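The structure under discussion appears below in the form of structure tokens.
The values are calculated or read from the model by the stated rules, or taken from the named source; none is laboratory data. Note that this is a predicted model, so its numbers are computed, not measured. Cβ sites come from the backbone with ideal geometry, for glycine too, and all protein chains shown count toward neighbours. Side chains are part of the model used for accessible areas, which takes the heavy atoms of the whole protein and leaves out ligands, DNA and RNA. Shrake-Rupley method; radii C 1.70, N 1.55, O 1.52, S 1.80 Å.
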Amino acid sequence: MTNSIIHQYLEPVIEKLVENMENLYLQTFSNQDIEISKFFHSINEITNELARDATTVLLERKDYDLCKNGQLQREGYTLKDYRSRTLTTTYGAVTFMRSYWLDSETKESFIPLDTLFLIPKRKRFDVGIRSDLAQKATMLGSYNKVAQECDFGISPTSIRNFVLEIHDELESREIDFVEKTENCPKTIYVEADEDHIKVRGGKSKFLKLVYVHEGYEEDSSGRRKLRNPWFIAGLYPGRANERLWQKVSNYITTRYGNDVTVIYSSDGGRWLQAGLDWLPNCTQVLDLFHAAQACSKITKGVDNLEWTEDKNPALLCALHGDLTGFQAIVDQSLSREDISDKQKKMIKEQALYIEEHLENLKPYDLGVTPGDSTEGHVSHCLSARCSSRPMTWSQKGIDALIMVRMMCYNGVDILDFRRKELVNTRKKLRNDRLIKLDRRKLKKYKSQNTKYHEALQVKVSTDNPRLQTLIHNI
């Protein structure tokens, strides 16, 4: 029965599809030199038109089914009007009519089709389009660039609002995407660094990146890659830095438990030192890039220093814990005749930096850590989208964009998550409506009960005072 009804409503749509396909075939048959890409484009247009027409027919048919049995009238709703709605989908703009109802008691509007399919108010775009454009804007390019590449009209501000929308939904749910590892490794690695971005007002701020992984492995091309990484990033200014490390700690505890050993690599900055209070069983390691950078500044311009294994001699001394040899190189650099006071100050600062973190370089000599890749990941995860070109950000905008970007790096299917959230929202709306209906019935019942009670009181009031008292007590 249902199939015959659907076939009846879709029959004009199918006839139109057949007609369009026949016309396309005749065009291609008469033109022997047609380009294959043009043929594909024509097929795509025909199928998109079919999808739009079928969607319109089925939605309007569903609206009719929702309203035809009189259930809404029995629940106290009055049909007010039929209104048109247009939604932009992945296959173009779909326009359909649906019924508009009013609650006879509260005068609140109710659109059954919108409630059933969770069609959002005052939004022109389907959740699939909104999620797709937001991910493109965070992963591939600027808001303006993504807007220009769209076949339909949309502003960069709208795409930015899509990103903010996803951020609000994800912010309190990050940990929900974490799954506990069955074969939990004994050692995991935490690496952290920052990028420098411009915020409104001309100020420069840290954009912080922390990622947790289970070590390195080689891909098919022989390059190293992280094993099971998880990325967390954002501004987290001031005291909010604790919230960043709390997120990292919650992730480690949820996925690996409290017994895992953490090798923590960083450049030793102030905001990075706060991580030591949150990471369990932690061994701190100085980022090898910053260590090499400091040693290069110390030995720059110094003659007669032998390089071993293509490494800086000062760095080799530091890695092997040879403080005497390291200080001798520093003294040799400071004793140059042509050195300026500014250079002396810089060399002393770099030497102090290495000496303060000498203990944190021992894990390299002991083979505890395989190294790090913080600079490369800062470049790919943060700089490529946020600072490689002149850009100025608001705190809300950069936090939203980076969270969505990191969720994409973490392999989270954002569209699937949002669809599940919509289903939960529909259940809540349905329960709220049922509760409201039950309250209305209860109110009506009480009203009717009071009416009968008062009528009965009047009838017996003069006949039997004791019976009147009994009814009142009931």
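A few points about this structure:
- Per the listing Thr254, Thr299, the residue uniquely touching a residue at least 24 places away in the same chain (Cβ under 8 Å) and open to solvent by 50 Å² or more (accessible area, probe 1.4 Å) is Thr254.
- Residue ranges of strands (runs of 3 or more DSSP E) in the stretch 202-273 with at least 1 members over 16 Å from Met406 (Cβ atoms): 203-213, 216-218, 224-226, 261-266
- Leu226 vs. criteria touching a Cys at 6+ places or on another chain (Cβ under 8 Å), within 20 Å of Asp372 (Cα to Cα) and crowded, with 16+ Cβ neighbours inside 10 Å: no
- Pairs with Cβ under 7 Å, 6+ apart, first in the stretch 174-200 and over 27 Å from Arg385 (Cβ atoms), second surrounded by 15 or more Cβ atoms within 10 Å (Cβ to Cβ) and among the aromatic types (Phe, Trp, Tyr): Thr181/Tyr256; Cys184/Tyr256
- Top-ranked residue of the stretch 122-140 - restricted to ones that are over 14 Å from the mean Cα position of the chain (by Cα) and of a type in the set (D, E, K, R), ranked as least open to solvent (accessible area, probe 1.4 Å): Asp126
- Test for Tyr264: is it among the aromatic types (Phe, Trp, Tyr), surrounded by 13 or more Cβ atoms within 10 Å (Cβ to Cβ), in contact with a helix residue (DSSP H, G or I) (Cβ under 7 Å, 6 or more places away or on another chain) and under 30 Å from Glu182 (Cβ atoms): yes
- Identity of the residue in the stretch 95-119, in contact with a strand residue (DSSP E or B) (Cβ under 9 Å, 6 or more places away or on another chain) and not in a strand (DSSP E or B), that ends up surrounded by the fewest Cβ atoms within 10 Å (Cβ to Cβ): Glu108
- Elements of type helices (runs of 4 or more DSSP H) in the stretch 331-415, at least 2 residues being open to solvent by 70 Å² or more (accessible area, probe 1.4 Å) and closer than 29 Å to Gly215 by Cβ: 362-366
- Those residues of the stretch 364-387 which are closer than 22 Å to Thr187 by Cβ and among the charged types (D, E, K, R), in sequence order: Asp365, Asp372
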